[in-house]
């Protein structure tokens, strides 16, 4: 069956179908609703084995920052779907420029060791 642990939903029932219903993730098995979880409760969904996902659900998870992880029947990693990664590109560029500046690097090492 499927269960929620922390904010990760693990789906292990073969032939489950996960799809979007309003603002919830719905799990059907053989056209019977087995579980419905509000999307705002989820941080990730892990699907083990033959689990079907609707394209609408995949897009919504990507938009909402909910990761989808696909595992094979033995639990080996197959794929992960992640939404956009947040970060400050200007900060990262400045860090890379300063990383090659020997004077700055020596100054930072002294500051940390004091």
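When we screen 71, 91 for residues that are farther than 16 Å from residue 7 by Cβ, surrounded by 13 or more Cβ atoms within 10 Å (Cβ to Cβ) and either at pLDDT 95 or above or more than 18 Å from the chain's Cα centre (by Cα) (or both), the only hit is 71. Candidates are the residues of segment 1-59 that are within 22 Å of residue 74 (Cα to Cα) and in a loop (DSSP other than H, G, I, E, B); the one that is modelled with the lowest pLDDT is 1. Scan segment 38-63 for residues that are more than 16 Å from the chain's Cα centre (by Cα) and crowded, with 17+ Cβ neighbours inside 10 Å and jot them down. Scanning segment 38-63 gives a single hit, 51. Within segment 20-34, residues that are over 17 Å from residue 68 (Cα atoms) have Cβ atoms under 9 Å from residues that are at pLDDT below 95 and in a strand (DSSP E or B) in these pairs: 29/2; 34/2, counting only partners at least 6 apart in sequence or on another chain.
The values are calculated or read from the model by the stated rules, or taken from the named source; none is laboratory data. Since we're looking at a predicted model, the values are computed, not measured. Backbone-built Cβ (ideal geometry, glycine too); neighbour counts: all protein chains shown.
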